[in-house]
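The values are calculated or read from the model by the stated rules, or taken from the named source; none is laboratory data. Note that the coordinates shown come from a computational prediction; the quantities given were computed from them, not determined experimentally. Counting neighbours? That spans all protein chains shown, and the Cβs are built from the backbone with ideal geometry, glycine included. Quick note on the areas: whole protein, heavy atoms, side chains included, nothing else; ligands and nucleic acids left out. Shrake-Rupley method; radii C 1.70, N 1.55, O 1.52, S 1.80 Å.
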Amino acid sequence: TVDPTVRPPLDLHITVHDGGPHNFVLVHGSMDREGGFARLVKFLRPHGRVTTYDRRGYGRSLSATGARDLAAHIDDLGAIIGDRPSIVIGHSLGGSIALGLATRVPHLVTGLVVYESPMSWEPWWSRDTGGAAAARAATPEDAAEAFLRRFVGDERWERLPQRTKDARRAEGGALRDETMSLRSGCPWGDRRLACPIVSGAGDRSRDDFRRSAEVVSSLSDDGRQVTLLNAHHNAHSADPQQFYEKLVKPIIDRIETGSLSG
């Protein structure tokens, strides 16, 4: 469980955007950081207070101490939400963290948006992924590079300034800790969720991400699966308007009117 006495970790980089009546907390995936949500934040601010942060071991939270497995990330998320029940939006592994928190302290999560959450503990999950490439790497630094080469391509990686390469390779320890933790088992167990869930995947994403979205939507009687058009794994940053309209707005409407929209 999440310790309710824990306060927001002072060693994490956290950004709060004031807005309307709702509270949103955005959780990024592996080898990402809060900046990946920058364009989405603009759609959320009219509706509420938006909190983004660099997770432990990434970006401006690179030097944060302590464990970096899923349990630690779930505790961090609970501490950041504090006593403000929130709509939690999780991208990729951030969705796994959001789901883990919602099963432990359901009163803190008023709604969930989960996009392409990996389920690498499942036998049907692809073994040809960035996470798998990272797991085969000899060092944490090589794991980060292997992961990013898989996602951005060798040519784009080679064009990066050496300073940027070094900074991204330094995040390999966090990547390895959380991916190995995820492979050890489902972070939400077999628990059902009471909050509304909208889970999504892109129509250009891998089949296992679409299957994952189906599984997530089934975790709540108030769940829905959505497919984003012309979308890949980076839909939250590449097409934030569609992400907002099809995934987030239905949750807002559910809370305000009592039924999922769209």
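Summary table
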quantity	calculated
At R0 = 22 Å, FRET efficiency that the Cβ-Cβ distance of Lys42 and Asp253 yields, to 0.05	0.70
Accessible-area composition of the chain, carbon plus sulfur, in percent [1.4 Å probe]	49
Reachable aspartates and glutamates from Lys42, criterion Cα separation under 16 angstrom, eight or more residues apart if same chain	Asp18, Glu34, Asp239, Glu245
Rg/Rg_ref, segment 130-262, where Rg_ref = 2.2 N^0.38 Å and atoms are Cα	1.26
For a label point 7 Å along the Cα-to-beta-carbon line of Trp124, residues of segment 199-228 with backbone N under 12 Å	207-216
Gyration tensor (alpha-carbon) shape descriptor, segment 1-82, a/c threshold 1.5	oblate
Amide H contacts of His22 (H built 1.01 Å from N, under 5 Å, at least 5 apart or other chain)	Gly48, Arg49
Segment 1-149 - accessible surface per residue (Å², probe 1.4 Å)	38
Nearest-20 debye value, the chain charge dipole, Cβ charges on Lys, Arg, Asp, Glu	320
Cα-based radius of gyration of the chain once divided by 2.2 N^0.38 Å, which approximates compact folds	0.94
Per residue accessible area of segment 177-262, 1.4 Å probe, in Å²	47
Nearest-0.05 FRET efficiency for Ala138 and Glu214, computed from C-beta distance (R0 25 Å)	0.10
Calculated FRET value between Asp154 and Thr227, using beta carbons and R₀ = 30 Å, to 0.05	0.50
Farthest positive-ward along the chain dipole, Cα basis, beta-carbon charges - from Gln242, Gly202, Ile89	Gln242
Where trypsin sites (Lys or Arg not before Pro) fall in DSSP loop in segment 160-236, at most 15 other Cβ within 10 Å	Arg191, Arg192, Arg204
Helical contribution to [θ] at 222 nm, DSSP H n ≥ 4, -39,500 (n - 2.57), averaged over the chain, rounded to 500	-11000 deg cm²/dmol
Segment 54-97 and segment 129-172: distance between their alpha carbon centers, rounded to Å	22
